[in-house]
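Single-structure report; data block below.
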Amino acid sequence: MTGSVRPAQPGDMAALIRLCGDHARYERAGYDSGGHGERLSAALFGRTPRALAWIAELDGETVGYASGAVEFSTWTARDFFHLDCLYLDAPARGAGLGSALLQEAADAARRCGLDTLQWWTPGWNETASRFYEAQGAQATKRLRYTLVL
């Protein structure tokens, strides 16, 4: 099997939308596809892009993605790179693509002059926790809340 990771391109939108839906279902979260593609495309490829994304391919098939953006921490009074998503289809896990996606995000953070990469994963996702810890990441005990307005 031959795997690779590359920056997302506008032609990847259908695959990204599918992966986002699969990712949301995997994490037992709600997902509303209405307008998702237009909003995501504008954030990634619009006049003023606000986020970055990478595509993972295995034997020419799109099997995963990662995305993120620069955010600001008031605690440290510094910017950091927030890895919003990292997801691989189940059959593609273990092929090194997760590490490659994480490396792309870390490289993007460095290019932005940042020294910190942060993300969240569900507490029940022990497979992801083991993967992230094997990459050298340290977990913090926090709960993430969402208030729908």
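The values are calculated or read from the model by the stated rules, or taken from the named source; none is laboratory data. Predicted model only: the values in this text are computed from it and were never measured. Glycine also receives a Cβ, built like all others from the backbone with ideal geometry; neighbour counts cover every protein chain displayed.
The table below lists the values:
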quantity	calculated
Check on L102, more than 20 Å from Q138 (Cα to Cα), surrounded by 12 or more Cβ atoms within 10 Å (Cβ to Cβ) and under 15 Å from the mean Cα position of the chain (by Cα)	no
Residue in the stretch 39-61 that is touching a Cys at 6+ places or on another chain (Cβ under 9 Å), aromatic (F, W, Y), within 17 Å of S99 (Cα to Cα) and surrounded by 17 or more Cβ atoms within 10 Å (Cβ to Cβ) present	no
Options Y31, Y65; residue that is in contact with a Lys or Arg (Cβ under 8 Å, 6 or more places away or on another chain) and surrounded by 12 or more Cβ atoms within 10 Å (Cβ to Cβ)	Y31
Matching residues in the stretch 68-84 - criterion: being of a type in the set (K, R) and either buried (at least 18 other Cβ atoms within 10 Å of the Cβ) or outside any strand (DSSP E or B) (or both)	none
Check on T74, hydroxyl-bearing (S, T, Y) and at pLDDT below 95	yes
Among (1) without any contact (Cβ under 8 Å) to a residue 12 or more places away in the chain; (2) under 16 Å from the mean Cα position of the chain (by Cα), the one test that E27 misses	(1)
Count of the stretch 44-66 residues which are free of Cβ contacts under 8 Å to residues at least 24 places away in the same chain and among the hydroxyl-bearing types (S, T, Y)	1
Enumeration of residues in the stretch 85-112 that are part of a loop (DSSP other than H, G, I, E, B) and of a type outside the set (A, V, I, L, M, F, W, C)	D89, R93, G94, G96
